[in-house]
Amino acid sequence: MTRHRDHGAPAAGGRQEKAGEQVTIFDTTLRDGEQAPGFSMDHDQKMRMARALAELGVDVIEAGYPAASPGDFQAVEAIAREVEGVTVCGLARANEGDIRAVARAIAPAERQRIHVFIATSPVHRRDKLKMDRTTVLERAVAAVRQARELVAEVEFSAEDALRTEPEFLVEIFSAAIDAGARIVNVPDTVGYATPADIGRVFRFLREQVKGADKVVFSAHCHDDLGLAVCNSLAAVEAGARQVEVAMNGIGERAGNCALEELVMALKTRADFYGVSTGINTRRLYATSRLLASITGQPVPRNKAIVGDNAFAHESGIHQDGVLKNVETYEIMRPEDVGVPASSLVLGKHSGRHAFARRVTALGYSLEGEELDEAFRAFKNLADRKKLITNADIEGIILGREVKSPGPWSLQALQVAASSGEAKMSTAAVSLVHSDGRAVQASALASGPVEAVFAAIRSATGTDARLLDFSVRSIGAGSDAQGWADVHLAADGRTAHGSGVDTDIVAASAAAYLDALNRLLRGDELPSDSALAAPAGAMIG
């Protein structure tokens, strides 16, 4: 796999003595991000996301909790085996079983890291661990030493560091470094700190910790008070050279520091921070959209960097200024984050070459059969839709990427709806199973989507419970495509599916069948993936 690097031109001025320093981007989308309710991913989805993160240029992928479940172990191991060009990391509590599980899971990776943590704050020591400071220190040292015997690179985290006594942080970090830790992480686990707190603590630790000059200090900030990005930037300013982030800011509770926001802040204000990252920023938009498609959690329109409104101008004053000089109201170019400068529409007479160029401009890499398949879908859509926009092309690509294989596939769908007091709808479906079976079923319900779902349940002989359903428009206009997301649960398991079509009922049917296929294949995750982690195994 080729890793694309785009640092951008260094900004003029600023602290030039730091211009050569690079901040390590430690991505925890697949660990801290994925453990949050509503963001769970199955095995295939994790692999797709891991490859996208590697292409984005992250330095470290925290792939999961190998000790949490067999499924988590297998996902981490598969990422370690198949995703190249990154350090693959697994999280472990400070105990022998967790650490050995991580070592086994990440063994196939070219570059490996074990991330060991233990809680250090008084409230965690007293109420969660029921340990005194001496015991916590001993556990931390023993865990780092064990991990160091298994891999060359060990990261140690003091959970809830920002509510820990500063002198104890100095003691435990000094001991961890002496035991072999190469990275020490200072997490604001509950999102309590302010930028001033972060700066003060990082400067204090870098001055007082023994061996501080031999390790990389890392920041892991949560967004409970909306300060995760600010706090992470304050940590960088105070000397942190690794930041732990998640795409779209997903994660426990209010989420983690958003990767795209941190990276673009460092790039846009290089004059102030004087550091760089290895992120190919032109892939931010595409990676953000892929994650949203995989999880079924759309990016808010006003989301910084990757939201639909990030580069939109409706105010007349703003529009006038942008037309005269784009720098009047834009501090970044849309293309810098992967939003193409061109929004010219394509149509049914557009050729394969024009389509391929637009796909590349949108930040996607399709070649050979993948490109042929996407182009055929584009032509089919162009027969139903007069003008094809960038959003339509994204829908084609992401719809292809997130769709799961069988066992069931939809061959035909017929729906009839009525209005008035009765408001009864009927739906008939024809499905084909991978074993060759063809099944038809129909159902009656109060609405067309409900009828379709009931017909699919009848045809497949399943009784999955609908947890969540949503439909959103891709692009604008009465002929815009609809993107449907469905979350299903059955036997203590959940799965998410997506569907795209100009007919929202057809899109809903495709999404329901996609989720159902994931349930039936057994590659889905427990209904609460956070609860699947070992007790006390949450640093963020």
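The values are calculated or read from the model by the stated rules, or taken from the named source; none is laboratory data. Source: prediction; values computed, not measured. Cβ atoms come from the backbone with ideal geometry, glycine included; neighbour counts cover every protein chain shown.
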Query raised in the report: What is the number of the single condition among (1) more than 18 Å from residue 516 (Cα to Cα); (2) assigned to a strand (DSSP E or B) that residue 421 does not meet?
Result: (2)
Query raised in the report: Does residue 149 satisfy the condition of being surrounded by fewer than 17 Cβ atoms within 10 Å (Cβ to Cβ), over 28 Å from residue 227 (Cα atoms) and free of Cβ contacts under 8 Å to residues at least 12 places away in the same chain?
Result: yes
Query - Identity of the residue in segment 56-72, in contact with a strand residue (DSSP E or B) (Cβ under 7 Å, 6 or more places away or on another chain) and assigned to a helix (DSSP H, G or I), that ends up farthest from residue 336 (Cα to Cα) - result: 71
Report summary line: Taking segment 95-115 and keeping only residues that are surrounded by fewer than 24 Cβ atoms within 10 Å (Cβ to Cβ) and under 18 Å from residue 138 (Cα atoms), one is left with 95, 96, 97
Requested in this report: Write out, first by first residue and then by second, each pair whose Cβ atoms fall under 9 Å of each other, whose residues are 6+ apart or on separate chains, and whose first residue, in segment 463-488, is assigned by TED's automatic domain parsing to the domain that holds residue 499 and farther than 17 Å from residue 506 by Cα while the second is part of a strand (DSSP E or B) and among the polar types (S, T, N, Q).
Outcome: 467/494; 475/481; 488/494
**Report entry** Count of residues meeting criterion [in a loop (DSSP other than H, G, I, E, B) and either in contact with a strand residue (DSSP E or B) (Cβ under 7 Å, 6 or more places away or on another chain) or over 21 Å from residue 173 (Cβ atoms) (or both)] in segment 101-155
**Finding:** 8
**Report entry** 3 or more residues modelled with pLDDT of 95 or more and among the hydrophobic types (A, V, I, L, M, F, W, C): qualifying strands (runs of 3 or more DSSP E) within segment 182-274
**Finding:** 183-188, 216-221
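Residues checked against (1) farther than 28 Å from residue 54 by Cβ; (2) surrounded by 13 or more Cβ atoms within 10 Å (Cβ to Cβ):
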position: 366; (1), (2): no, yes
position: 369; (1), (2): no, no
position: 379; (1), (2): yes, yes
position: 384; (1), (2): yes, no
position: 390; (1), (2): no, yes
Query - Residue check for residue 212: of a type outside the set (Phe, Trp, Tyr) and out of contact with any helix residue (DSSP H, G or I) (no Cβ under 6 Å at 6 or more places or on another chain) - result: no
Requested in this report: Could you identify the single residue in 422, 416, 445, 451 that is at pLDDT 95 or above, over 32 Å from the mean Cα position of the chain (by Cα) and on the phi < 0 side of the Ramachandran plot?
Outcome: 451
